[in-house]
Structures are given as C-alpha cells and as structure tokens.
Amino acid sequence: MSSTRHSDGVLTDQSRQLSLLVNSITDYAIYMLDPTGVIRTWNPGGQRIKGYSAADVVNTHFSRFYLPEEAAAGLPQRNLKVAAEEGRYIGEGWRLRQDGSVFRASIVIDPVWDNGQLVGFAKITRDITELYHAQEQLLQAQRDLLQAQKMEAIGKFTLGLAHDFNNLLTIISNCLDMIGAQVKEQPVSSLLATAQRAGDRGALLTRQLLTFGRGQTLVPESVDLATMLGDCEAMLRRSAGDGITLSIELPPGLPRLSVDKAQLEAAILNLVSNSRDALPRGGDIAITASARQARDPAHSERGLSGHVCITVADNGEGIPVDVQARVFEPFFTTKSVGKGSGLGLSQVFGFTSQSGGFTELESEVGKGTRVRLCFPLEEH
Ligand SMILES: Nc1ncnc2c1ncn2[C@@H]1O[C@H](COP(=O)(O)OP(=O)(O)OP(=O)(O)O)[C@@H](O)[C@H]1O
Ligand SMILES: [Mg+2]
C-alpha cells in the first residue's frame, strides 16, 4: 500500500489535497456511502445540487434522495448491489432536493474495496435537468417533424387519388344521368337509381378525401364562434345523444375567425361524434375555446403567434399512445365495419391545416381525449 512507501507528511498532504479537491467541486455531488448506504461524507457540490448541508445528511441513508415510490420499491439497495457485483453502477433518474423539487440526476456508484472487503461506495451525482429537457425538446421536435412529413406525404397521395376518382365519377354520373333521361322502363330505371346513389356516395367520399389532401375549395368568412355554436348546438346535442352531458363554454370577447363555416361545423360535429363513440356508458363532452399564443408544431421555426383554439374534450376511453400518431390518417378507424369510415379526423386535420392552423391531440387511455383546433387570428 502507498502509505508504506511515503512518509506521513506526504500522505497527509495527499489526503489534504484530495479533500481540497472534493471540497472545491460544486458541479458534482461527490460523497461516500458505507456498505449499507449510509452517507459518510458530503461535499459542496452535494449541497449545491441537493440543497442539504453536511450536517443534514451525514449518517443518514442515501435513499432519502430517491422518489418515495422508488425508495419503497428497493431501488437504492438494488443500485448498490449492481455496483458491488458488476464493479460499477451507471444510471440516470429523478431525484429529490431538500425543498421537495425533483431534478434529473446522472449517477455513478463505484464500490470501494479494502483487502477484498467492501468498505463502502463512492458516489458521484450530476444535475442534468437542463440537458434532459433540451434533449426531450429535440426528440419532440423530431417526432413532430416526422409526423408532419408523414401527413404531408399521405395528403399528396390522397389528393392525387381523389382528383382521379372525382374525374372518373363525374363521367360515370353524367353518363348515368343521360341514360336515365332516355330510359324510363323498369327494371333499368331502378337499377340506374341504385347506381346513381352509389355514385353520390362515391362523390361524398372523394370530397372528404379532397378535404384531407387540402384540395377542397374553402370559402372563408368571418365567423363569430359563439353565434355559430349557438346555431348548431341542438344538432350537436342530438348527435351526442342521451346519457352524455354536452357543455359549451366560451369566454366573452373571443376574436372572430376567418374560416369556412360549413367545414368548421363539420369538424366540430366529427369531434363530438368521436367523443360520443368513446362514451358508450355516458359521460361528459366539453366544448371550450380561448384566444392564445400558440406555435404550429409542424412549423416550430415560425414561433408563437395569436390563435383562437377550439377544444372538444371528453372523459371517454382515450386513445393508446401507439394509435395516436395514426388517427388523422384517412381510413384509419378502430371501429367495426359500417360504424366508422375513418375520415372524421382526416377532415378535421385537412380543414384546419388548409385554413392555416393546426390540430393537437392529447389522450390517455381510461381518462379521455382532448382535440384542439387552432386557427390563426386574422391579421389587421
Ligand atoms: N374522442 C375519441 N376518443 C377515443 N378514440 C377516438 C376519439 N376520436 C378518435 N378516436 C379514434 O380515432 C379513430 C379515427 O377517428 P376518425 O374520426 O377519423 O374515424 P372514425 O370515427 O373511426 O370514423 P368516421 O369518423 O369516419 O365515422 C377512431 O376510430 C378512434 O379509434
Ligand atoms: Mg369519427
């Protein structure tokens, strides 16, 4: 051992230097634990990061820094065990400060051996909260961008398809009309009527696809939301049905919107219908609105700007996370054949983005769903 090779003076000097070093480090909490996890030393970094002074923590168990549920689940002991058995524990997690706030910690635990005997642990903790949030934001921005690119690609594809089908349907419908004008005998005329009805349904479908692909001709007008919702309230209530409480609450003085009114009504009806389907045993649907500064997630470079946001929220079944990214795709439905065509949210998405706005979805299984349509304020 080095103590045999050095004079006492040198050793003292070395431990003094080491102690000086550890005590001058404020960016890292560096401290020693005994083999059971009781804190034996403390440094200014520990005080700066966690708020405790040495007197507060020395001789107490280090599990006090863990979240109560993780401490109760035995995580502190498990981490020491990993360090002792594998030679080191390296991890990341949420830890508590003295004031009860949490911070993201990067942690290294090294076992300290003396003659083959475990005498304690050296623990180094760094506060990486800011880095963690920056990384999270970056990941979220990447996810938003990917989602926007996916929707853009599906939109282009759908638009091309819808245009082609529209042209074909127009020819078929016109020909059926011309045949109908000349042939009045049965059974041909009733067969023609059936074919024309199918043609009309096809035309409706292509119109919905055009809306999703942002190929619909919108007719924006100045809309007062309170008046518009008042006008279609009875229809929305009918659509929600019995056993569901529908509330509409708007703040006074909401700015007017410049949007296609019929499309906005259709979008809100689609959202209310979805909420109703998610509430088979009844519940609440709330329509609210607010004027706020918002940022289009697909165009984060644009920054915050004034929007009017309309929210339809329910306390229904909710949508699993893996499904959330797909619900706006045309024909995506989880409903049985004949119950849903999967075009409701595509209309909502296509209409809001073609109107210069964006759609946000928040949902949690078992808790409910909240869809927010944000439209940019008219520029004056
Ligand atoms: N409020 C909601 N709660 C739970 N799930 C929802 C909600 N809104 C949408 N979804 C899910 O998203 C899917 C797609 O919704 P979308 O409105 O596009 O189609 P749909 O309702 O299935 O059919 P359509 O609206 O054409 O009749 C739904 O099938 C459902 O799984
Ligand atoms: Mg729907």
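The values are calculated or read from the model by the stated rules, or taken from the named source; none is laboratory data. Just so you know, these numbers come straight off a predicted model, no measurement behind them. FYI the Cβ positions are ideal-geometry reconstructions off the backbone, even for glycines, and counts take in every protein chain you see. Surface accessibility is based on the protein's heavy atoms, side chains included, excluding ligands, DNA and RNA. Shrake-Rupley method; radii C 1.70, N 1.55, O 1.52, S 1.80 Å.
Starting from the 7 Å offset along Cα-to-Cβ, what nm value, one decimal, do you get for the label separation of L204 and K184?
Taking the two extended label points, one gets 3.0 nm.
Using modelled amide H (1.01 Å from N, peptide plane; none on Pro or chain starts), what sits under 5 Å from the amide H of I244, excluding residues fewer than 5 places away?
Counting only residues 5 or more places away or on other chains, the set is G283.
From the Cα gyration tensor of segment 246-320, with a ≥ b ≥ c the square roots of its eigenvalues, which class applies: rounded if a/c is under 1.5, or else prolate if a/b is larger than b/c, or else oblate?
Numbers: a/c = 2.00, a/b = 1.57, b/c = 1.27.
Prolate is the answer for segment 246-320, as a/c is 1.5 or above and a/b outweighs b/c.
Could you go through segment 353-368 in sequence order and give the Karplus-derived ³J(HN,Hα) for each residue, using 6.51 cos²θ - 1.76 cosθ + 1.60 with θ = phi - 60°, rounded to whole Hz, and x for Gly and Pro?
Per residue, the Karplus-derived 3J(HN,Hα) values read 6, 5, 8, x, x, 8, 10, 10, 10, 10, 8, 9, 4, x, 10, x Hz.
With every protein chain kept in the model, how would you rank E265, E185 by accessible area, 1.4 Å probe, largest at the top?
On the way: E265 55, E185 115 Å².
Ranked list, largest accessible area first: E185, E265.
To the nearest 10 degrees, how steeply does helix 129-182 sit against the main Cα axis of the chain, on a 0 to 90 scale?
10 degrees
Are there cysteines in the chain with no other Cys C-beta under 4.7 Å, and if so, which?
Cys with no partner Cβ under 4.7 Å: C175, C232.
Amide H to amide H under 5 Å from E378: which residues, 5+ apart in sequence or cross-chain, H placed 1.01 Å off N in plane?
Under 5 Å from the amide H of E378 lie the amide H atoms of S258, each far enough along the sequence or on another chain.
If we sort 233-245, 77-89 on the protection proxy, mean other Cβ atoms within 10 Å, highest first, what's the order?
Working: 233-245: 14.0, 77-89: 15.5.
Listed from highest to lowest mean packing, they are 77-89, 233-245.
Ignoring ligands, DNA and RNA, what accessible area per residue does segment 137-216 give at 1.4 Å, in Å²? Let's see the in-between values first.
Values: 5380 Å² over 80 residues.
Per residue, segment 137-216 has 67 Å² of solvent-accessible surface.
Set the Förster radius R0 to 22 Å, insert the Cβ-Cβ distance between H133 and D27 as r into 1/(1 + (r/R0)^6), and round the FRET efficiency to 0.05.
Details: r = 18 Å, r/R0 = 0.81.
So the FRET efficiency works out to roughly 0.80.
Based on the Cβ-Cβ distance from S19 to F332, what FRET efficiency comes out when R0 is 56 Å, to the nearest 0.05? Show your work: numbers first, answer last.
On the way: r = 63 Å, r/R0 = 1.13.
Efficiency, rounded to the nearest 0.05: 0.30.
Enter the accessible area per residue of segment 2-127 (Å², integer; probe 1.4 Å; all protein chains in place). List each step's numbers first, then the result.
Working: 7050 Å² over 126 residues.
Accessible area per residue, segment 2-127: 56 Å².
Using the Cα centre of the chain as origin and beta-carbon charges of +1 (Lys, Arg) and -1 (Asp, Glu), tell me which of A122, Q47, S275 is placed farthest towards the positive end of the dipole.
A122
Please report, as a whole percent, how much of the solvent-accessible surface of the chain comes from carbon and sulfur atoms (probe radius 1.4 Å).
Details: 11800 of 21460 Å².
Here it works out to 55 percent.
For the chain, set up a Gaussian network in which alpha carbons nearer than 10 Å are linked by springs, and say which option among P187, P68, P35 fluctuates the most.
With Cα springs under 10 Å in the chain, the top fluctuation among P187, P68, P35 is at P187.
Answer rounded, prolate or oblate for the chain, using the Cα gyration tensor with square roots of eigenvalues a ≥ b ≥ c: rounded when a/c is under 1.5, else prolate when a/b is larger than b/c, else oblate. Show your work: numbers first, answer last.
Values: a/c = 3.23, a/b = 2.90, b/c = 1.12.
Prolate.
To the nearest 0.05, how large is the calculated FRET efficiency for R143 and R78 if R₀ is 45 Å and r is the Cβ-Cβ distance? Show your work: numbers first, answer last.
Details: r = 31 Å, r/R0 = 0.70.
The computed FRET efficiency comes out at 0.90.
Can you pull the one-decimal nm distance between simple spin-label points at W113 and A262, each 7 Å off the Cα toward Cβ?
8.0 nm
May I ask for the angle, rounded to the nearest 10°, between helix 261-277 and the longest principal axis of the chain, with both axes built from Cα atoms and the value confined to 0 to 90°?
Once rounded, one gets 60 degrees.
Given 20 °C and 1.002 mPa s, compute D for segment 218-380 with the Stokes-Einstein relation, Rh being the Kirkwood radius over Cα pairs; round to the nearest whole µm²/s. Kindly include the intermediate steps, with their values, before the conclusion.
On the way: Rh = 16.1 Å.
The diffusion coefficient I find is 133 µm²/s.
Taking 0.36 nm per residue of separation and subtracting the Cα-Cα distance, what length does fully extending V321 through R302 add?
Numbers: separation 19, 0.36 × 19 = 6.84 nm, distance 2.70 nm.
In short, 4.1 nm is gained.
Read phi for every residue in segment 230-241 and hand back ³J(HN,Hα) as whole Hz from Karplus 6.51 cos²θ - 1.76 cosθ + 1.60, θ = phi - 60°, with x for Gly and Pro.
So the Karplus estimates, Gly and Pro as x, are x, 5, 9, 4, 4, 5, 5, 5, 4, 5, 5, x Hz.
Return the Rg/Rh ratio of segment 137-216 with Cα-based radii and a Kirkwood Rh. Working shown, then result.
Numbers: Rg = 19.3 Å, Rh = 14.9 Å.
Rg/Rh for segment 137-216 comes to 1.30.
Of G199, T333, G344, which is farthest towards the positive pole of the chain's charge dipole, taken about the Cα centre with +1 and -1 on the beta-carbons of Lys, Arg and Asp, Glu respectively?
Projecting each Cα onto the dipole axis, the largest value belongs to T333.
Tell me the net charge near L269. Cut-off is 13 Å between Cβ atoms, L269 excluded, with +1 for each Lys or Arg and -1 for each Asp or Glu. Please report the intermediate quantities before stating the final value.
Working: positive: R237, R238, K261, R276; negative: D231, E233, E265, D277.
Summing Lys/Arg as +1 and Asp/Glu as -1 gives 0.
For A54 paired with L67, estimate the spin-label separation in nm (one decimal), with each label point 7 Å from Cα along the Cα-to-Cβ line.
About 3.2 nm, to one decimal.
By how many degrees, between 0 and 90 and to the nearest 10, does the Cα long axis of helix 75-86 differ from the longest principal axis of the chain?
With rounding to tens, the tilt is 60 degrees.
Quick one: which residues, 5+ away or cross-chain, put their amide H under 5 Å from the amide H of Y52? H built at 1.01 Å from N.
Distant-sequence amide H within range of Y52: Q98.
What residue among Q293, Q263, Q14 shows peak mean-square fluctuation when the chain is described by a Gaussian network model with Cα springs under 10 Å?
Greatest mean-square fluctuation among the candidates belongs to Q14.
Return the Cα extents of segment 160-199 along principal axes one, two and three, sorted largest first, each rounded to a whole Å.
Projected onto the principal axes, the Cα atoms of segment 160-199 cover 38, 15, 8 Å.
Using a 1.4 angstrom probe on the protein heavy atoms only, line up D34, D177 by accessible area, largest first.
On the way: D34 25, D177 85 Å².
From most exposed to least exposed: D177, D34.
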